[in-house]
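All remarks here apply to the structure that follows.
Read the figures in this text as sums done on the coordinates, not as results from a lab. Note that the structure is a prediction, hence the values are computed from the model and not measured. Reconstructed Cβ throughout: ideal geometry from the backbone, glycine too, with neighbour counts over all protein chains shown.
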């Protein structure tokens, strides 16, 4: 049985790119600004000791009516296979959750300057977690050819 | 300004461990069962081509009143530093979102058998994404000593 839950933005992406283009995110810098009504700087204490962060965010520009629940071709490319929405990372997905590993450049009070976050200006942030080496994939990571092709120009 | 959004479970963790113990998750096997009212097998088409999945889930056993919004010592360990909730991965966190990379063992219709998922039986699943090599951390991953210590017995 499906159940629904409420989540609340803990902050927002400020700066960076204005449009959700497909490629060249590597040099993009932005700030993650925590909501000052909910948090103090204590929520980020010690975060500078980590080089990378995982950010869970909401693809807020995707209309709920556009969400795909079956299969589609990644980026609509006719030369890539029809794959399920959970076998790809397209943004028009159930719950519209985005997830990205980015590099932490600097902390500034309630804000984090990050590099390589593939979320646009104004994106609601739902969680920030530090990347721990012990949580990276264990064993060889295997992927289909279309996924390798898709990432070729991403950063 | 904080904004709230509704998310709905896309499925549940079935089997695996019954209690949220801290360590030894590596050999844990469980099934991710998609909700048959929302999805058909099309939603998982092609997923077998990936070796690893990222699963976003809800720490549903954490009471909202127990959520930490400031700093705490990971696992309450006096010998580890007081760090912000976004500088650690403790489950009593804003929005109670969990995130784990696990290995895909087998697909069976609307279910995925996985290994090394650190979520207990009955956990609501909010998203499943394939791990792509191009989205792993770029550059050396640096972490504080307590994080390395914490992960020592995790898998």
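Within 10 Å of the Cβ of each residue in B:70-82, the mean number of Cβ atoms contributed by other protein chains is 2. Extension gain for residue B:92 to residue B:152 (0.36 nm times residue separation, less C-alpha to C-alpha distance): 19.5 nm.
When Cβ neighbours within 10 Å are restricted to other protein chains, what is their mean count per residue of peptide A:31-40?
What the average comes to for A:31-40 is 2.
Choose one answer from B:49, B:111, B:92: the residue with the largest mean-square fluctuation in a GNM of chain B with alpha-carbon springs under 10 Å. Highest fluctuation among the options: B:49.
Per-residue packing, averaged as other Cβ atoms within 10 Å, sorts the ranges A:70-79, B:31-40 into the order B:31-40, A:70-79, beginning with the highest.
The distance between label points at residue A:3 and residue B:66 comes to 1.4 nm (points 7 Å beyond Cα on the Cα→Cβ vector). Across B:134, B:116, B:84, mean-square fluctuation computed from a Gaussian network of chain B (C-alpha pairs under 10 Å connected) peaks at B:134. Only DSSP H runs of four or more residues enter the estimate; each adds -39500 (n - 2.57), and after division by the residues of chain A the mean residue ellipticity at 222 nm equals -1000 deg cm²/dmol.
Peptide A:91-101 has a mean shielding of 5, counted as Cβ atoms of other protein chains within 10 Å of each residue's Cβ. Once you reduce the stretch B:88-140 and the stretch A:15-63 to the center of their Cα atoms, the two points are 20 Å from each other.
Taking the label point 7 Å along Cα→Cβ, residue A:76 and its counterparts in the other copies are spaced 5.4 nm apart, in ascending order. All distinct Cα pairs of the protein assembly as shown go into the 1/r average, and the inverse of that average, the Kirkwood radius, is 19.6 Å.
The GNM of chain A, with springs linking C-alpha atoms under 10 angstrom apart, assigns the highest mean-square fluctuation among A:44, A:97, A:135 to A:135.
Across the identical copies, the 7 Å label point of residue A:65, projected outward along Cα→Cβ, sits 4.2 nm from its counterparts, in ascending order.
Ranked from shortest, the separations from the 7 Å Cα-to-Cβ label point of residue B:155 to its equivalents in the other copies are 2.0 nm. From the largest down, the stretch A:43-105 spans 45, 25, 16 angstrom on the principal axes of its Cα atoms.
Subtracting the Cα-Cα distance of residue B:24 and residue B:145 from 0.36 nm times their residue separation leaves 41.6 nm of extension gain.
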